[in-house]
1. Nothing charged except the Cβ atoms of Lys and Arg (+1) and of Asp and Glu (-1): what's the magnitude of the dipole of the stretch 6-156 about its Cα centre? Round to the nearest 20 debye.
2. Pick the calculated semi-axes √(5λ) of the Cα gyration tensor in Å for this structure from (1) 32, 15, 14; (2) 35, 20, 12; (3) 41, 21, 13?
3. Could you derive backbone 3J(HN,Hα) for the stretch 105-122 from the dihedral phi with the Karplus parameters 6.51, -1.76 and 1.60 (θ = phi - 60°), listing whole Hz in sequence and x where the residue is Gly or Pro?
4. Could you give me the ³J(HN,Hα) list for the stretch 63-69, computed from phi with Karplus coefficients 6.51, -1.76, 1.60 and θ = phi - 60°, whole Hz, x at Gly and Pro?
5. What residue among VAL67, VAL148, VAL97 shows peak mean-square fluctuation when the chain is described by a Gaussian network model with Cα springs under 10 Å?
6. What are the ³J(HN,Hα) values, in whole Hz, obtained from phi via the Karplus relation 6.51 cos²θ - 1.76 cosθ + 1.60 with θ = phi - 60°, for each residue of the stretch 90-101 in sequence order, with x given for Gly and Pro?
7. Report P(r) for the stretch 47-119: all Cα-Cα distances, bin width 5 Å, range 0 to the bin holding the largest distance, values in whole percent.
8. What residues have an amide H closer than 5 Å to that of THR60, excluding those fewer than 5 places away on the same chain, when H is modeled at 1.01 Å from N in the peptide plane?
Amino acid sequence: MSVENIAGAIELIKTWMTQRGISEGLETKPTPGGFSFHFTGKSASEMPFTIIQPEQLEKTVIIISEVRIAEEHIKSIKAMRSKDCDEFFYNLRKNIVFAPAQYAFDPDFEKTGILKSIQFSKEICYDGLTEDRLNEAVQDVVRGAIFVIWQIRKEFGDTTEE
């Protein structure tokens with residue numbers, strides 16, 4: 001049975017979250033930023049994720065997980081030689097370009113060369129929105145975020161901030 005409308009999408013997502021013991025929150029209209037709905041939760045590995053439906057995408061939900069770089073690691077990135085920094089970001093991009101989820105560096109990265117966050121996202125259209133696809137999408141965005149955390153920690157050491 002495919003999802004036909006916002007109410008159906010909300011019900012499917014609520015059921016999916018309840019079955020997994022995820023009860024972070026739900027916002028419905030009016031939501032900030034022009035969303036039809038906005039769910040938040042944490043995966044089994046404690047990574048936060050968001051499920052949204054932008055108003056302009058009438059039959060699509062987007063699952064997002066974002067990694068914010070700790071201030072301590074940002075300072076380490078700033079201290080790197082330009083060549084080493086370029087190499088680090090090249091390798092990071094090379095390693096995540098084929099991930100099943102889309103990724104985006106924070107908007108200021110291209111201007112500053114300093115990474116503050118990376119966002120992973122995956123879209124599901126209503127005609128394919130099932131609990132299975134939702135579960136897969138959450139796993140894909142969370143896996144991308146965890147990979148970035150591992151890479152940052154491998155390069156710059158552990159911190160409790162991320």
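Please treat every number below as a calculation from the coordinates, not as lab data. No experiment lies behind these values; they were computed from the predicted model shown. Note that we place each Cβ from the backbone using ideal geometry, even for glycine, and neighbour counts take in every protein chain shown.
1. 440 debye
2. Computed from the coordinates, semi-axes √(5λ) of the Cα gyration tensor in Å corresponds to (1).
3. 6, 4, x, 7, 4, 4, 7, 9, x, 10, 7, 10, 6, 10, 10, 10, 9, 8
4. 9, 10, 9, 10, 10, 9, 7
5. Maximum among the listed residues: VAL97.
6. Running phi through 6.51 cos²θ - 1.76 cosθ + 1.60 with θ = phi - 60° gives 4, 5, 4, 4, 4, 6, 10, 4, 9, 4, x, 9 Hz.
7. 3, 13, 20, 24, 17, 11, 7, 4, 2, 0
8. TYR126
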